Each structure stands twice: as C-alpha cells, then as structure tokens.
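Working notes for the structure below.
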Amino acid sequence: MAFKSEYLAKVYASVEKRNPGEAEFLQAVKEVLTSLEPVVAARPDLVKAGVIDRIVEPERFIQFRVSWVDDNGNVQVNRGFRAQFNSAIGPYKGGLRLHPSVCASVIKFLGFEQIFKNSLTGLPMGGGKGGSDFDPKGKSDGEIMRFCQSFMTELCKHIGADTDVPAGDIGVGGREIGFMFGQYKRLRNEFTGVLTGKGLTYGGSLARTEATGYGLCYFTSEMLKCMKNESFKGKTVVISGSGNVAIYATQKATELGGKVVALSDSNGYIYDKNGINLDVVKQIKEVERARISEYAKRVPGSEYHEGCRGIWSIKCDIALPCATQNELNGDEAQMLVKNGVIAVAEGANMPSTPEAVEVFQKNGVMFGPAKAANAGGVATSGLEMSQNSIRYSWTFEEVDKKLNDIMVNIFHSSYDASKKFGSEGDLVMGANIAGFLKVADAMLAQGIAY
C-alpha cells in the first residue's frame, strides 16, 4: 500500500534504508505508519517535533554472545538480544523469546509492536523485547539452566525494576524465568520485580499463566457484543497453536459458550468435532511436552493432520490464531471467509499477513489485531509489577477482574479512535492510533533531545 503522506513515505524509506532485509520489522512499521495517515493530517505538531521519525528507531538495541556448556561438555554459542524501544510512558516492558527464528528483525518487530500494545493497556509501561536463537526443545533442564544463567549474566547489566522488566514469550515459561531470576538475584544481590511471570512462591501473580488467552477472549467477546450484538455462545472456534496462549484461550472460549474444535503445533493440527478435551491437551503439552499428534491417539473420534496451515480450512465462526507471526495468509483468509467466519482475533504477535488482514476487512469480518487482542499477558505482567512494588498479592479473582476491565477498555479505545479518525470499525487503525497518541504526547512533553 502506497503512502498518501509524503512525510510518512519519507520516514518509511529511511527505515528501509537503515534496516535492509529485516522483513518482519519493516512489515510492522509499514502497518503502523499506514494507520497514522489521518493523525499526521490532524497533528502537524507531531511532524514538526519528529515524533514518528524517533518512534521507529529503538532507543537502544543490545546484541551479545551467550556461551554455555552442554551435557557433553561442549561449548555452545548463541546470540542474545534486547531491544529497548521506547520508554516515554514507563520502563521498557516485553518478553524474552527463545527460538531458532530469533534475529534482529524479529526482536525489533516485537519491540516496536510492544510500544503500542503496552500503551493501550493504560498502564505505565514502555516497549521492549528480547531473546535468543537458542532452542530449548530437546535440551535437558541442566542445559537450559546453564544457558539462562549465561544469558542473564549479560542481560542483567541492562535491566532493572525501574529500567527494563522482561517477561516470558515463546520458549520462556516458568522454568526459564526462575533460572534467570535466580541468576539476576545472585549477581545483583537484590530481590526486585525485575522479571514478570515469576513463580507464585517468589513474587509471581495469580492469573498470569492464563492472562494472554483469557484476555484474547475478553477482547473478542466485547468486539462481538459491541460490533455485531453477538457472543461466543453456540459458536464453533478454531485456535491455532497449543502453547500457553492457545490452551487458555480454549478454556475461556469454552467457558463463554463456544466449542473449540481444533488446535495445532508446528507439525500439524488436530480436529475434534465434539470439542477439544483440554485436560488431554494439558497433559500432552504442559506435562509431557509432547507433540499435539498424541491427542488423536488418546481421544476417540478426533483426527490428526500433518501440516499446521491446514487448520484454516476448518469451518468455524471464530478464528483465533495463537501460534506465530505470519501463520495465516491471504488464501487461508479467503478459505475462512468462504466458510463463514464472522470474527478473527490475534492471540500471537502479527499472525496474519497484510494480505489476510485486507481480506478480512474487505469482507466485513470483525478483526482484532494482536497489539490490542493479545495485550492481556503484558497487562497482567504490569499488574505483577504493581504487586511487587507494594509487596502484596491480589487474589486470582481480583487480577482476573482487572484483566477483563483492561481488555474491555482496550477494545473501546481502539473502536473510539477508529470512529474519531473516520474509519469506524477498523480496529487495526484504531489500535495503532490510540496506542500511538499516548506515547507521542509523552514524547512531546519530554523534549526533542529525548
């Protein structure tokens, strides 16, 4: 899509020149800048102050070597990253991802998205992201511990409870956060809320595990109610992925009256016309750390199909992509539309390609973009930070209520912004604008040198 604004075209051309070949980052920047066309027209003060020129460049980008020793005594070397993208409204906040696909482009894309996602929560958190190309799959607990300790030995120089507060992401769960927190505490000799997603025995928050999946469904429920006077009740739901987000989205969608019939992993997908048995999925994925194909061996009447992308051929009313970036393309979006989908909301970060988003919008499908729909995880991380600061813990019900309120508010902030700027119902535009304006005004107030 070509830019109407000469200024935005110039900004994007500069980003392309500075970040050659970084496809994921460029895709994320282009989506946001395209949404900001009406803002640029209405707010020349932001152009004069170079706010958009600055917001597309990370305040700090850290890359470092991570050396660790495997169980055979061999030295292994990985790359570690941390993008401290924007701290205008609070300390940098964003997860750590451990996956072979991690590179500068992926970390920058995630960190850039995190700016607006965190802004939308209404909590005082800036945007950041980090991780490594280390693959935890197939590694022993000892190997993962040694990697995490080496990773934190360098990362600890750059983070802190009032500076940068990482959390988990793909490949980083409670085990990994525990190892990293222990190393940080050992090196810094302080017990602070420097990481979120911690265990409940050492400062973690109830409902954090469930937060992204629950929050996705709270957002989707509000979107269905306000835009189409609909709900999850009686709807067939397809959810990609089978990790933390997908599991708890399945649980909440079911509680809200939907029937989830499919889940996937990187190898393939399962289809259960009777509705997914979540206890079996949790045993396979959380306890055994096995492949989703095991489900079909244990649940009569269910099917397993090789190739995870085939999941979008299943007829459904609601689709919740919760696996990874760019997992749903334009052709697959056409299949969903043809099969009668009425709503799509993103549980993963940027799982729909630009072509897929265009298909949904042109066909009147309600579409909840990731930076709005999957903000429940970081919102509850922010609530964990608050609890750590006051040395207090809220109940599960208290945190869940706050999470529900935040996700409802995110929907309305996004919807209201889309209406104000002339594209009512375009939640991609609305979320980008609502998230951007709060950060932009903070940047203006703090001066050009910032």
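General observations
- Loop trypsin sites (Lys or Arg not before Pro), the stretch 253-326 (other Cβ atoms within 10 Å of the site Cβ: 13 or fewer; DSSP): LYS273, ARG289, LYS315
- Spatial separation of Cα centroids for the stretch 90-126 and the stretch 1-68, in angstrom: 15 Å
- Three principal axis lengths of the chain [C-alpha, angstrom, descending]: 64, 55, 43
- Highest-first arrangement of 372-382, 30-40, where packing means the average Cβ count within 10 Å: 372-382, 30-40
- Here TYR12, TYR218, TYR202, TYR392 are placed in order of increasing Cβ neighbour count within 10 Å, fewest first, which gives TYR392, TYR202, TYR12, TYR218.
- Between SER393 and LEU187, the C-beta separation translates, for a Förster distance of 22 Å, into a calculated FRET efficiency of about 0.30.
- Of all lysines in the structure, those lying under 22 Å Cα to Cα from LYS4, and not within fewer than 8 positions of it along the same chain, are LYS17, LYS30, LYS48, LYS362, LYS419, LYS420.
- Beta bridge orientation in the chain: antiparallel %, DSSP, nearest 5: 55 percent
- Nitroxide proxy distance, nm - points 7 Å out along Cα→Cβ at ASP405 and LYS17: 4.8 nm
- Modelled label positions at ASN363 and ASN267, each set 7 Å beyond Cα in the direction of Cβ, lie 3.1 nm from each other.
- Loop trypsin sites (Lys or Arg not before Pro), the stretch 131-166 (other Cβ atoms within 10 Å of the site Cβ: 14 or fewer; DSSP): LYS137, LYS157
- Count of Lys pairs (Cα-Cα under 22 Å; at least 8 positions apart or interchain) in the stretch 60-190: 13
- Spherically averaged projected area in nm², based on the convex hull that wraps the Cα atoms of the stretch 321-450: 10.4 nm²
- Proximal lysines relative to LYS282, as straight alpha-carbon distance under 16 Å, when same-chain residues fewer than 8 apart are discounted: LYS252, LYS297
- Percent antiparallel among DSSP beta bridges (both partners in the stretch 60-190, rounded to 5): 65 percent
Throughout, read-outs are computed from the coordinates displayed, never taken from laboratory work. The structure presented is a predicted model; accordingly, all values stated were derived computationally and were not measured. Ideal geometry is used to build each Cβ from the backbone, glycine not excepted, and the neighbour counts take in all protein chains shown.
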